[in-house]
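Trainee: The structure that follows is given in the form of structure tokens.
The values are calculated or read from the model by the stated rules, or taken from the named source; none is laboratory data. Only a predicted model underlies this, so the values are computations on that prediction, with no experimental measurement involved. Please note: Cβ atoms are built from the backbone with ideal geometry, for glycine as well, and neighbour counts cover all protein chains shown. Calculation scope for accessible area: heavy atoms of the full protein, side chains included, ligands and nucleic acids excluded. Shrake-Rupley method; radii C 1.70, N 1.55, O 1.52, S 1.80 Å.
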Amino acid sequence: MPETLDLNALPSQEDSVKAVREWNAGLPQQPLAYVHSFGCQLNVADGESLCGVLQEMGYGFTQDTAQASLILYHTCAVRENAEDRVFGTLGSIKRLKQENPALILCVTGCMTAQPQIAKKIRESYRHVDIVLGTSAVSRLAQMLYAHMHGMRYAQDIVTTTDIPEGIVPVRESRFKASVPIMFGCNNFCTYCIVPYVRGRERSRLPERIIDEVRGLVANGYKEIMLLGQNVNSYGKDLENGMDFPTLLRELDKIEGEFWIRFMSSHPKDATPEMMDALLECKHLAKHLHLPVQCGSDAVLERMNRRYTVAQYLEKVDYIRSRDAEFSLTTDLIVGFPDESAEDFEGTLAVMRQVRYDNVYSFIYSKRTGTKAAVMPDATTDAEKSERMQRLLALQREISVENNRRFLGRTIRVLADGQSRKRPEMLTGRSAENMLVEFAGAPELIGTFVDVEITETHNGLITGHL
Ligand code: SAM
Ligand code: SF4
Ligand code: F3S
């Protein structure tokens, strides 16, 4: 049986979809796929598109790996622990493959886009059948075709310049939808693996995005999340003069009751025009995720972030001067190579000054192939953990104080589910992306409700309709 793959010898994606669908139609019962996406929202959105391709090929879906004829893990490489989780999962799934040799096991995404990882899977996880990188959406059908025609191991991890279009994603939610507006990243922050695995920035055509959002709103979707690694550089590669603020204003013209959110924005590209659009457009939820990463100019320079703390704070001032309570959240990295105690104090100082509603904080993780991976680092793991604890404690304090501003106010919330701990309560998100809990009937899930806030805690506010 062939071990390697000659892509040129395979039928096109369209013909492969057709061939696999015919193959599946000949089975005694509909095959089921189990798909799990790790990582960021963009990866989860990709996972929904992968499900779209699988559905086109005749697969149904299951949440139970034991029922599945095909298991697909769509992976993340952003930190080492994300990769460790995947290796752990692949080890635990080996038994299923031994019990059912016809089971097809696929691993795709950012982690497998790295040649050393694909090699490790090839050598140490030989029960895996198909390995694809970040071009999985456009390549999965061909790989399945190859597998079904006797190829024991199909791999293609080449980073493509594809913009997958025309695939109808199988969306998890019936009222919240992710819409990728661009793929890839050109920024090369020195700690980050994303530009290596996702390729260069490429923007979808505005008319495709606008049509997709219009269709979603017409189908009752209440929250549209525009996604990209760096949404505010949207359009730089297009020749039609389109940019992110203009796209936002175009989307805002769509009629209906819905919110638009977006992430992530790079501070260097957060222009006054973008912030004006955010403040002025009626559909845009009043919240901005603006990852600062660190509060020291020396570290920001070594990170290649291309802004200073003062420039970042100017952008915060711009938006807060127009709306003093404007909700901001951020990403922070603790323990970047050679981060000094003073550098870290700078991060705490930015947190105290900006008073974020929430921060997503990560201990620096060395990523092979990035520039930071070879930078000297004298800071110990114990120091990094201690800094992380201090950062979390400070943010808890800030969140508790910030949340008090909602007390006694009535705020608009998109109800999105039942509380896990108290099933009589519903949960939802406010425009500021605050988690809100309130008593209500399950029929309200997927609708906007007005909640009067009566109690606030760290990370959660509660009230009644
Ligand atoms: N493109 C987005 C931006 O620039 O804000 C972020 C995308 S990245 C997937 C999400 C977050 O992961 C980053 O903002 C950063 O805080 C964190 N991150 C990325 N690489 C990391 C690393 N090597 N170690 C720890 N955290 C990392
Ligand atoms: Fe990574 Fe920086 Fe690109 Fe964000 S902007 S994906 S942190 S390289
Ligand atoms: Fe991870 Fe890739 Fe997203 S590395 S965070 S899944 S872009």
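Trainee: If we scan region 358-365, do we find a residue that is modelled with pLDDT of 95 or more, open to solvent by 70 Å² or more (accessible area, probe 1.4 Å) and more than 22 Å from Asp84 (Cβ to Cβ)?
Mentor: no
Trainee: Here's something else I'd like to know. With respect to Asp343, is the statement that it is free of Cβ contacts under 8 Å to residues at least 12 places away in the same chain, open to solvent by 10 Å² or more (accessible area, probe 1.4 Å) and part of a helix (DSSP H, G or I) true?
Mentor: So Asp343 does not fit the description; no.
Trainee: Within region 26-37, count every residue that is within 19 Å of Pro164 (Cβ to Cβ) and either modelled with pLDDT under 95 or of a type outside the set (A, V, I, L, M, F, W, C) (or both).
Mentor: Matching residues across region 26-37 total 1.
Trainee: Then there is this: Can you tell me how many residues within region 317-330 are crowded, with 16+ Cβ neighbours inside 10 Å and farther than 17 Å from Ala277 by Cβ?
Mentor: Matching residues across region 317-330 total 2.
Trainee: Residues Tyr73, Tyr145: which one is of a type in the set (Ser, Thr, Tyr) and in contact with a His (Cβ under 6 Å, 6 or more places away or on another chain)?
Mentor: Testing whether each residue is of a type in the set (Ser, Thr, Tyr) and in contact with a His (Cβ under 6 Å, 6 or more places away or on another chain) leaves just Tyr73.
To keep it simple, each residue is scored yes or no on (1) touching a residue at least 40 places away in the same chain (Cβ under 8 Å); (2) surrounded by 15 or more Cβ atoms within 10 Å (Cβ to Cβ).
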| residue | (1), (2) |
| --- | --- |
| Glu397 | no, no |
| Val400 | yes, no |
| Asn403 | yes, yes |
| Ala415 | no, yes |
| Ser419 | no, yes |
| Glu432 | yes, yes |
| Glu437 | no, yes |
| Thr447 | yes, yes |
| Glu452 | yes, no |
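Trainee: Please work out which residue is farthest from ligand 3 (Cβ to nearest atom), limiting yourself to region 46-84 and to residues that are charged (D, E, K, R) and surrounded by 16 or more Cβ atoms within 10 Å (Cβ to Cβ).
Mentor: Glu56
Trainee: I'm trying to understand the selection: among the residues of region 169-225, which are within 16 Å of ligand 2 (Cβ to nearest atom), within 26 Å of Tyr34 (Cβ to Cβ) and either more than 15 Å from the chain's Cα centre (by Cα) or charged (D, E, K, R) (or both)?
Mentor: Answer for region 169-225, where residues must be within 16 Å of ligand 2 (Cβ to nearest atom), within 26 Å of Tyr34 (Cβ to Cβ) and either more than 15 Å from the chain's Cα centre (by Cα) or charged (D, E, K, R) (or both): just Arg198.
Trainee: Please find, among Phe244, Phe262, Phe336, the residue that is farther than 21 Å from Glu397 by Cβ, modelled with pLDDT of 95 or more and within 16 Å of ligand 3 (Cβ to nearest atom).
Mentor: Checking each option against the conditions leaves just Phe262.
Trainee: When you look at Val35, is it within 16 Å of ligand 3 (Cβ to nearest atom), surrounded by fewer than 19 Cβ atoms within 10 Å (Cβ to Cβ) and among the aliphatic types (A, V, I, L, M), yes or no?
Mentor: In short, no.
Trainee: Can you name the residue in region 65-123 that is assigned to a strand (DSSP E or B) and touching a Cys at 6+ places or on another chain (Cβ under 8 Å) and is also nearest to Met148 (Cα to Cα) among such residues?
Mentor: Only one residue fits best here, namely Leu70.
Trainee: Kindly provide the set of residues from region 257-268 that are part of a helix (DSSP H, G or I) and open to solvent by less than 20 Å² (accessible area, probe 1.4 Å), ordered by number.
Mentor: Listed by number, the list holds a single entry, Pro267.
Trainee: Condition first: assigned to a loop (DSSP other than H, G, I, E, B) and either open to solvent by less than 50 Å² (accessible area, probe 1.4 Å) or under 17 Å from Gly335 (Cβ atoms) (or both). Now tell me which residues in region 280-303 satisfy that.
Mentor: Cys281, His283, Ala285, Leu290, Pro291, Val292, Cys294, Gly295, Ser296, Met303
Trainee: Of these, Ile224, Ile254, which one is crowded, with 21+ Cβ neighbours inside 10 Å and not charged (D, E, K, R)?
Mentor: Answer to the check: Ile224.
Trainee: Still on this structure, I have one more. Mind checking which residues of region 9-40 are free of Cβ contacts under 8 Å to residues at least 60 places away in the same chain and within 16 Å of ligand 2 (Cβ to nearest atom)?
Mentor: If the condition is that a residue be free of Cβ contacts under 8 Å to residues at least 60 places away in the same chain and within 16 Å of ligand 2 (Cβ to nearest atom), then Cys40 is the only one that fits.
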